[in-house]
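Have a look at the structure below, then the notes.
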Amino acid sequence: MKRSYQYSVSQSLSILFGAVPFAFALVRAIRTGDDLRYLWVAFAALLGAAIAEAMRRAQRVRTLLRLGLTAFVLATLLATAMALLLGTQFGPGVLLVGSGYGACLAASCVLYALAHPRNT
């Protein structure tokens, strides 16, 4: 089956948005030499977004707005929880990084859903 240009663009943007937290974490790891905390936070945020995508596939989330909000909340919560587990003190910085990662991965989820509509 031939995909349209819109689906190809959505797929590419989904990958790009999903890679941003990991690129940021890798830059941080390279600049500091041994600080991999942001990488663990990115993986935790990815887990939250993956849970939201699994909910969409199980048809518990039916609209793109709900998918985006669910992915954002789950990714942000898991990213923030991971940062706190790694010893970071709770504050605006933790919330900023967690919500930034959550926003990128929520956008990635929505763009992925646009590129791969489920069969209903």
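Read the figures in this text as sums done on the coordinates, not as results from a lab. Here the structure is a predicted model, which is why all the values come from computation and not from measurement. For neighbour counting, all protein chains shown are included, and Cβ atoms are generated from backbone atoms with ideal geometry for every residue, glycine included.
From the list A71, A52, A42, the one residue that fits, being surrounded by 12 or more Cβ atoms within 10 Å (Cβ to Cβ), touching a Phe, Trp or Tyr at 6+ places or on another chain (Cβ under 6 Å), within 30 Å of P117 (Cα to Cα) and hydrophobic (A, V, I, L, M, F, W, C), is A42.
Screening S4 against (1) surrounded by fewer than 19 Cβ atoms within 10 Å (Cβ to Cβ); (2) under 15 Å from C109 (Cα atoms); (3) of a type in the set (S, T, N, Q) leaves a single unmet condition, (2). Annotation note: of A29, A103, A19, A83, the sole residue that is surrounded by 14 or more Cβ atoms within 10 Å (Cβ to Cβ), farther than 26 Å from A115 by Cα, out of contact with any Leu (no Cβ under 9 Å at 6 or more places or on another chain) and of a type outside the set (K, R) is A83.
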